[in-house]
1. Return the residue satisfying two criteria in turn: it lies in the stretch 169-225 and is modelled with pLDDT of 95 or more and of a type in the set (Gly, Ala, Ser), and of such residues it is surrounded by the most Cβ atoms within 10 Å (Cβ to Cβ).
2. With the condition being in contact (Cβ under 8 Å) with a residue 12 or more places away in the chain, crowded, with 18+ Cβ neighbours inside 10 Å and under 19 Å from the mean Cα position of the chain (by Cα), I'd like the helices (runs of 4 or more DSSP H) fully within the stretch 18-128 carrying at least 1 qualifying residues.
3. Scan the stretch 260-294 for residues that are touching a strand residue (DSSP E or B) at 6+ places or on another chain (Cβ under 6 Å) and small (Gly, Ala, Ser) and report the count.
4. Determine whether PRO314 is of a type outside the set (S, T, N, Q), touching a Pro at 6+ places or on another chain (Cβ under 7 Å) and part of a loop (DSSP other than H, G, I, E, B).
5. Does the stretch 371-382 hold any residues that are of a type outside the set (Gly, Ala, Ser) and surrounded by fewer than 18 Cβ atoms within 10 Å (Cβ to Cβ), and which are they?
6. Please work out which residue is nearest to MET164 (Cα to Cα), limiting yourself to the stretch 369-401 and to residues that are part of a helix (DSSP H, G or I) and polar (S, T, N, Q).
7. What are the residue pairs meeting all of these: first residue in the stretch 362-378, first residue more than 12 Å from VAL321 (Cα to Cα), second residue among the basic types (Lys, Arg) and modelled with pLDDT of 95 or more, Cβ atoms under 7 Å, and 6 or more apart or on different chains?
8. Name the single residue that is farthest from VAL202 (Cα to Cα) among those in the stretch 332-344 being crowded, with 22+ Cβ neighbours inside 10 Å and out of contact with any Pro (no Cβ under 8 Å at 6 or more places or on another chain).
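The values are calculated or read from the model by the stated rules, or taken from the named source; none is laboratory data. A quick note: this is a predicted structure, and the numbers were derived from the prediction, not measured. A quick note on method: Cβ atoms are made from the backbone with ideal geometry, for glycine too, and the neighbour counts reach across all protein chains shown.
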Amino acid sequence: MESVVIIGAGPAGLAAGYELVRQQVRPLVLEKGPMVGGIARTETYKGYAFDVGGHRFLTKNKEIEQLWQDTLGDDLIKVNRLSRIYYRNHFFNYPLTVFNALANLGLSESISVLLSYLRSYLRPYPEENTFEEWVTNRFGDRLYRTFFKTYTEKVWGIPCSEIMAEWAAQRIRGLSLVTAVMNAITGFKKAKTLTDEFYYPVKGPGMMWDRFRRALEAEGAAVMVNAEVVRLNHENGRIEDLEYIQNGKRTVMTVSHVVSSMPVSRMIGALSPSPPDTVMESIRGLRHRALLVVGLIVDRPDLFPDQWIYIHNPNTKVGRVQNFKNWSAALSCDPRTTHVGMEYFCDEGDTLWNLPDDRLIEIGSKDLSGLGFCLTHQVVDGFVIRQPMAYPVYDATYTGCLKVIRDYLGQFQNLFTIGRNGTHRYNNMDHSMLSGMLAARNIGGAQHNLWEVNEEASYLEG
């Protein structure tokens with residue numbers, strides 16, 4: 001009898017479970033947190049629903065799209081996308097439109113941007129190893145410093161010269177100054193990062209994952225929350241059993257297969273016997289950025305029409321502002337108010353992360369009013385979501401470290417790593433789900449390479 005355990009009840013783990021029950025296998029899903037959904041969950045505060053970040057349901061995979069539609073039906077709505085860049089008190093359309101850019105930058109600055117682009121075009125970086133080199137070759141140094149450098153360094157906390165070009169190629173492939181201008185002038189084919197509409201669960205992403213959970217349980221699978229896997233005991237290239245703790249009780253269970261979406265560094269650290277020193281050293285080379293969402297309730301019915309805004313002002317710590325009622329009106333319990341998510345990127349345990357909630361709410365309120373979206377006294381309430389390990393970092397060491405880890409994990413016949421953190425890859429939600437479904441098929445005898453999911457171009461701005 002198959003005894004399959006899935007570690008993590010985010011999109012990847014739940015999709016793996018869904019695929020397994022279609023194969024008449026009833027897995028046990030163990031989720032460390034108090035709810036399903038992972039970083040794509042929906043949190044509520046006094047009747048208001050907040051994304052942890054913002055999660056568009058967007059895919060080129062017809063099977064994934066059909067799965068979403070089958071799961072939610074009419075509760076999966078289509079939303080017209082509007083997200084802009086806020087810089088020096090101006091809104092810049094994204095994707096770029098010529099007249100908007102000219103009006104906001106001014107004629108003199110626009111000419112400087114064009115000349116900078118021509119210099120980069122005539123004398124490009126001969127190699128594109130870093131984010132800075134990749135973007136400068138496509139946009140010129142001046143536009144790179146205006147619209148890419150500040151925001152990107154807010155997200156990752158390191159200079160763009162230390163971020164690998166692979167991240168840019170994955171997230172904004174196909175976009176350059178020339179293609180952006182052509183899009184703006186002619187309506188020519190858009191880059192793969194840009195979309196005009198997307199699907200969204202009417203009451204937030206958590207609605208999708210709750211439906212998945214109920215579907216699994218209806219087929220006899222079990223989903224346990226507040227259940228942390230602490231040890232994976234292995235012998236002769238197989239995971240023999242695992243140990244988890246739920247509500248203070250430790251349980252050991254024999255397994256036939258393990259599908260893991262927990263951070264690969266933590267999963268490696270839970271293996272017993274411990275891996276070789278070279279592998280343990282490599283997991284210390286994988287870094288993550290954490291996310292703080294300062295949820296604010298504002299006593300105004302409208303702030304701006306966007307779903308989210310990128311804040312490129314270098315003197316403001318906030319990186320993005322999510323306006324949740326513009327994702328779906330059903331996320332708000334009071335149309336006379338607006339609830340927003342002020343997103344701050346940081347390192348787990350740093351000064352910002354450790355600030356008390358009331359101080360973070362104060363900072364978020366001042367940033368929102370300082371950007372001109374409201375007056376400070378109009379912020380009437382707030383709360384804080386702390387999300388560790390939100391974004392895998394593509395720095396100079398991660399490629400080599402990940403190769404060592406991949407080579408080591410290749411010896412295990414019944415262990416499959418999936419999802420954003422399970423593969424330390426900045427996956428979109430559909431790619432994470434696909435990796436889970438393919439892992440389930442591998443248990444059934446298929447031979448999919450799970451590390452290659454998302455090698456195809458991406459289309460989400462991030």
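1. GLY204
2. 62-72
3. So the count comes out to 4.
4. no
5. Initially, the stretch 371-382 is screened for residues of a type outside the set (Gly, Ala, Ser), giving 371, 373-381.
Within the stretch 371-382, LEU375, THR376, HIS377, VAL380, ASP381 meet the criteria.
6. Narrowing the stretch 369-401 to residues part of a helix (DSSP H, G or I): 369-370, 376-378, 398-401.
If we keep only those that are polar (S, T, N, Q) as well, we get 369, 376, 378, 399.
Working: SER369: 35, THR376: 39, GLN378: 41, THR399: 9 Å.
My answer is THR399.
7. CYS374/ARG300; THR376/LYS366; GLN378/ARG300
8. For the stretch 332-344, the residue satisfying everything is TYR344.
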